[in-house]
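Trainee: Provided herewith is a single structure, encoded as structure tokens, for subsequent inquiry.
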Amino acid sequence: MRKNIYLIGFMGTGKSTVGRLVAQKLGMEFCDTDAMVEEKSGMTISQIFDEMDEDAFRGMETDVLKEITERKNLVVSTGGGIVVTRGNMELMRSAGSLITLMASPEQIFDRIKDDKGRPLLQVANPLDEIKQLIYDRAPFYINTDCIVETTELSPEDAAEEIIRFVENA
Ligand code: S3P
């Protein structure tokens, strides 16, 4: 049984697509904190932000993370903001490897501009918001075991880079 692999990073950096590939190639199980929050609450992320608020979402996200962290052999795709809740970085670090996926703000914007399912980016100028949030979260995103820059990489190549790292760690 391997220790968990936690993929963190901003929205649109490829955590879910790449995470699925890594899990498949390493014979591990894949899970996604956003999908688990949606499943447990019976609401979409957008509904949770609209009908409750961001704090309520962050609470549910941490509950799911605690549950995941009791298990092993998982590749975990996390929501981009999971890093901002106090204690979550330590929780993930205690249970496995922490890997950040990065991409340029322009590439992120291009990848997610038509997706209405990201409530934090439903603002007048999403590109500015992306830049601001990345700036705010950068201290967390750079404090991991490995950083993979995905702007120019295919999901397949990003997955291979992660596998090379975990096999040699
Ligand atoms: C968020 C990222 C989203 C989701 C929620 C908040 C964030 O996940 O958790 O909309 O704060 O960056 P993805 O990174 O999977 O899009």
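Trainee: With labels modelled as points extended 7 Å from the Cα through the Cβ direction, what inter-label distance (nm, one decimal) is found for SER16 paired with ASP114?
Mentor: Inter-label distance under the simple model: 1.6 nm.
Trainee: Can you list the aspartates and glutamates whose alpha carbon sits under 19 Å from that of LYS131, skipping same-chain ones fewer than 8 residues off?
Mentor: Reachable aspartates and glutamates: GLU106, ASP110, ASP114, ASP115, GLU149, GLU152.
Trainee: Please state the shape class of region 1-102: rounded when a/c is under 1.5, otherwise prolate if a/b exceeds b/c and oblate if not, all from the C-alpha gyration tensor.
Mentor: prolate
Trainee: Place the peptides 146-156, 30-40, 71-81 in order of packing, highest mean first, counting for every residue the other Cβ atoms within 10 Å and averaging per peptide.
Mentor: 71-81, 30-40, 146-156
Trainee: Let me ask something else. Using protein chains only and a probe of 1.4 angstrom, how many square angstrom of MET52 are accessible, to the nearest 10?
Mentor: Accessible area of MET52: about 90 Å².
Trainee: OK, next. Given a 1.4 angstrom probe, I'd like the percentage of the accessible area of region 4-168 that is carbon and sulfur, rounded to a whole number.
Mentor: Roughly 48 percent, rounded to a whole number.
Trainee: I would also like to ask the following. Just the accessible area per residue of the chain, please: how many Å² with a 1.4 Å probe?
Mentor: Ligands and nucleic acids excluded, the figure is 51 Å² per residue.
Trainee: So, one more: Once the dipole of region 15-74 is set up with Lys and Arg at +1 and Asp and Glu at -1 on Cβ about the Cα centre, which of MET60, ALA35, THR17 lies farthest towards its positive end?
Mentor: Working it through, the farthest residue towards the positive pole turns out to be THR17.
Trainee: Mind checking which lysines have their Cα closer than 29 Å to the Cα of LYS72? Skip sequence neighbours fewer than 8 apart in that chain.
Mentor: LYS72 reaches LYS3, LYS15, LYS25, LYS40.
Trainee: A further question on this structure: Checking the a/c ratio against 1.5 first, then a/b against b/c, what shape does the Cα gyration tensor give for region 4-168?
Mentor: oblate
Trainee: Would you mind classifying region 1-52 by shape? Square roots of the alpha carbon gyration tensor eigenvalues, ordered a ≥ b ≥ c; an a/c under 1.5 is rounded, otherwise it is prolate if a/b is larger than b/c and oblate if not.
Mentor: Prolate is the answer for region 1-52, as a/c is 1.5 or above and a/b outweighs b/c.
The values are calculated or read from the model by the stated rules, or taken from the named source; none is laboratory data. This one's a predicted model, so the numbers in the text were calculated from it and none came from an experiment. Every residue, glycine as well, gets a Cβ built from its backbone with ideal geometry; the counts of neighbours run over all protein chains shown. Areas reflect the complete protein model, heavy atoms only, side chains present, ligands, DNA and RNA absent. Shrake-Rupley method; radii C 1.70, N 1.55, O 1.52, S 1.80 Å.
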